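For reference, the structure is listed below as structure tokens.
The values are calculated or read from the model by the stated rules, or taken from the named source; none is laboratory data. Keep in mind it's a predicted model, so treat the numbers as computed, not measured. For neighbour counting, all protein chains shown are included, and Cβ atoms are generated from backbone atoms with ideal geometry for every residue, glycine included. To get the accessible areas, we keep the full protein, side chains included, count just its heavy atoms, and leave off ligands, DNA and RNA. Shrake-Rupley method; radii C 1.70, N 1.55, O 1.52, S 1.80 Å.
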Amino acid sequence: MTTVRSILRDSGMRPRKCLGQSFLEDKNVISKIILVADIHAQDIVVEIGAGLGIMTEILASQAGKVIAIDVDPRMTAILRERLQDQPRVEIMERDVLTFDFSTLQNDDKASKLKVIGNIPYNISTPILFHLLAFRRHISSMVLMFQKEVVDRIVASPGTKEYGIPSVLISMFTVPTREMNVPASCFYPQPKVASSVIKIVTREKPLFDLADELFFSKIVKIAFAMRRKTILNNLRAADLPFSSDEEIEILLDQAGIEGRRRGETLSPEEFGRLSNVFFAALT
């Protein structure tokens, strides 16, 4: 039976710590992840960190096309050898952090992409926000992260885990934790627990935003110093307001008490706050 360890052994390779390589080898978990991804014959699936192709093989039997991305040339060599008889699989040796997902759609009417992957924990947050930037080209993502990262994504206002990822992801997508995965399901075993999250992109933001980039800026300002109030963080920010009084007036217009901290505001309240401040600047 083909396994992660047998492929590595036959190839004479070891996982690279510098790339955060830890291969999911539990076939039951792999099957559950693919089930959550809800793959159909017309789907274009992008697999991030395809690695040894264990999941890629199964995806190829269900999807219309699978684009397997990996940054490690050793992995792409294995993928090309193992999947050479799979016409539906395209293998790309790329750094996902610089990959342009919009190039995978032939036209505006093409089906949006479905993204799946076991994300290297050392670059999980940058990858998450890179994918979010291409959300108009992606219908859903099923991703494996360190459990603490998923805790932050699905956190509710008022909790210690609630922060920038919680707000931004909730504004533009619907995230759902699907399962926790113990370290024993991987080779080599990571030192942390993992979680699988499904992120479904919204057709429109949760709140009608005047400017999406400015919304993101306001969220980052609010969490710049977590222990400080919204008012104090706005005072310290690089915003062209002449006085504290002006900031307080705008907060009042948004219905936000200036003594509140960023972690207490819902995504909708952040949306209202950003719209009021954006209107004052334009």
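Skipping prolines and chain starts, which residues have an amide H placed within reach, meaning under 5 Å, of the one on residue 179, given they are 5 or more residues away or on another chain?
Sorted by chain and number, the residues that satisfy this are 196.
Pick from 184, 266, 170: which residue has the top mean-square fluctuation in a GNM of the chain where Cα pairs under 10 Å get a spring?
184
Pop out the ³J(HN,Hα) list for region 61-72 in order, Karplus 6.51 cos²θ - 1.76 cosθ + 1.60 with θ = phi - 60°, rounded to Hz; leave Gly and Pro as x.
Calculated HN-Hα couplings, in order: 7, 10, 8, x, 8, 10, 9, 9, 10, 8, 8, 8 Hz.
Please report the carbon-and-sulfur percent of the accessible area for the chain; probe 1.4 Å, protein heavy atoms only, DNA, RNA and ligands left out. Working shown, then result.
On the way: 6810 of 13960 Å².
It is 49 percent, rounded to a whole number.
Most mobile of 120, 267, 87 per a Gaussian network model of the chain (Cα springs, under 10 Å)?
Highest fluctuation of the listed residues: 87.
What are the ³J(HN,Hα) values, in whole Hz, obtained from phi via the Karplus relation 6.51 cos²θ - 1.76 cosθ + 1.60 with θ = phi - 60°, for each residue of region 145-160 in sequence order, with x given for Gly and Pro?
Along region 145-160, the couplings run 10, 4, 3, 5, 5, 5, 3, 6, 5, 9, 5, 9, x, x, 9, 5 Hz.
Across region 115-128, in residue order, what do the Karplus-derived ³J(HN,Hα) couplings come to in whole Hz, using 6.51 cos²θ - 1.76 cosθ + 1.60 with θ = phi - 60° and x for Gly and Pro?
Those phi angles translate into 10, 9, x, 9, 7, x, 5, 6, 10, 5, 5, x, 5, 4 Hz.
Could you tell me what percent of the DSSP beta bridges with both partners in the chain are antiparallel, to the nearest 5?
Antiparallel bridges make up about 45 percent of those DSSP assigns within the chain.
Return the subset of 147/228; 17/112; 32/198; 160/220; 198/228 for which the Cα-Cα distance in this structure is over 22 Å, preserving the input order.
147/228; 17/112; 198/228
For the chain, give the magnitude of the charge dipole about the Cα centre (Cβ charges: +1 Lys/Arg, -1 Asp/Glu; no others), in debye to the nearest 20. Walk me through the numbers before you get to the answer.
On the way: 36 positive and 35 negative charges, 186 e Å.
The calculated dipole for the chain is roughly 900 debye.
So for the chain, averaging the separation of alpha carbon pairs under 8 Å that are six or more residues apart and normalising by length, what relative contact order in percent results?
15
In a Gaussian network model over the chain where Cα atoms closer than 10 Å are linked, find which of 51, 117, 255 has the largest mean-square fluctuation.
Among 51, 117, 255, the largest GNM mean-square fluctuation belongs to 255.
Which aspartates and glutamates does residue 204 reach when only Cα atoms under 12 Å apart count, and residues fewer than 8 places away in its own chain are ignored?
212
Collect residues whose amide H, placed 1.01 Å from N in the peptide plane, falls under 5 Å from the amide H of residue 174; neighbours closer than 5 in sequence don't count.
Placed amide hydrogens put 200, 201, 202 under 5 Å from residue 174.
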